[in-house]
Amino acid sequence: MCPTLPGYPPSGIPEDVDKYDLKVDAGDILTIIDHFKAEKVVVGGHDFGGAVLQALALLCPERIAGLIINSPIIQTFYELVNFDHAQQQLSKYRIPYIEYQPGDDKKIESIVRTIRDPRRRQEVYDYLVKSSTHGMMKYHKKDYPGPAYGDRVDTSEMFFTVPTLILWGLGDESFSLKLLDGLPGRLLNTFRLVTLSEMGH
């Protein structure tokens, strides 16, 4: 099954930015797992969805049989976005998302610009035209480091103990390849990194 994160219609759009905390969403996913009486599951996600599932794997590893992500490992992500100038330059397109207020121009063309498949790009474009985006943008406000940067996030206990598959597009315009550094020190169970040369974000 594929649940839609809060803030993304047709899911509800909480007004409180704290409802967009990765740990809160991880708790929601755990509730779904419990609803289906599943003891252990394989989970997969992209971008913020991948970050939510990483939070779930860190908080409840005993419930995760496997983790599949198309997103950076969050420990390295926090370190690079806060302290690496090159990654900050790659991430600067997200600053308007952090600053977004309801009623602002959605800048949909900018949001969909990196979607390479024309049909998928049009689908996302149409979805954003008819949907409120202020909930979506709250993930950037709550979970994505922004200027002035330099925040120290304690990642000393963030080690993954579940089998993990990372899918990474080598043409990703948003993330530095430095985000792949140090994986063996973060992923303590078996893991596989699959790089896709023609793929972007």
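The values are calculated or read from the model by the stated rules, or taken from the named source; none is laboratory data. Worth saying up front: this structure is predicted, and the values here are computed from it rather than measured. Cβ sites come from the backbone with ideal geometry, for glycine too, and all protein chains shown count toward neighbours.
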Apart from one, (1) under 21 Å from Gln87 (Cβ atoms); (2) of a type in the set (Phe, Trp, Tyr); (3) surrounded by 17 or more Cβ atoms within 10 Å (Cβ to Cβ); (4) over 18 Å from the mean Cα position of the chain (by Cα) all hold for Tyr149; the odd one out is (3)
Please pick out the residue among Val124, Val129 that is in a helix (DSSP H, G or I), loosely packed, with under 11 Cβ neighbours inside 10 Å and of a type in the set (A, V, I, L, M, F, W, C). Val129
Identify the single condition in (1) crowded, with 16+ Cβ neighbours inside 10 Å; (2) among the aliphatic types (A, V, I, L, M); (3) under 18 Å from Met158 (Cα atoms) that Ile13 does not satisfy, given that it satisfies every other one. (3)
In segment 22-75, which residue that is part of a helix (DSSP H, G or I) and basic (Lys, Arg) is modelled with the lowest pLDDT? Lys23
I'd like to verify a number: residues in segment 54-68 that are crowded, with 18+ Cβ neighbours inside 10 Å and closer than 15 Å to Phe159 by Cα, how many? 7
State yes or no: is Ser156 outside any helix (DSSP H, G or I), small (Gly, Ala, Ser) and either in contact (Cβ under 8 Å) with a residue 60 or more places away in the chain or within 26 Å of Leu58 (Cα to Cα) (or both)? yes
Residue list for segment 130-160, restricted to those being in contact with a Lys or Arg (Cβ under 8 Å, 6 or more places away or on another chain) and of a type in the set (A, V, I, L, M): Met158
Mind checking whether some residue in segment 116-132 is over 28 Å from Asp16 (Cβ atoms) and modelled with pLDDT under 95? yes
Checking Thr161 against (1) surrounded by 13 or more Cβ atoms within 10 Å (Cβ to Cβ); (2) among the polar types (S, T, N, Q); (3) farther than 18 Å from Ser71 by Cα; (4) over 17 Å from the mean Cα position of the chain (by Cα): exactly one of these is not met. Which one? (3)
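Do we have any residue at all in segment 179-198 that's assigned to a loop (DSSP other than H, G, I, E, B), within 17 Å of the chain's Cα centre (by Cα) and surrounded by 15 or more Cβ atoms within 10 Å (Cβ to Cβ)?
No: segment 179-198 contains no residue that is assigned to a loop (DSSP other than H, G, I, E, B), within 17 Å of the chain's Cα centre (by Cα) and surrounded by 15 or more Cβ atoms within 10 Å (Cβ to Cβ).
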Of the residues that make up segment 138-146, is at least one in a helix (DSSP H, G or I) and without any contact (Cβ under 8 Å) to a residue 24 or more places away in the chain? no
Evaluation of Asp151 against (1) outside any helix (DSSP H, G or I); (2) at pLDDT 95 or above (one fails), failing number: (2)
Can you find a residue that is of a type in the set (S, T, N, Q), out of contact with any helix residue (DSSP H, G or I) (no Cβ under 9 Å at 6 or more places or on another chain) and within 21 Å of Gly169 (Cβ to Cβ) anywhere in segment 82-91? yes
Go through Pro6, Pro72 for me and flag whichever is under 17 Å from the mean Cα position of the chain (by Cα), closer than 19 Å to Phe160 by Cα and buried (at least 18 other Cβ atoms within 10 Å of the Cβ). Pro72
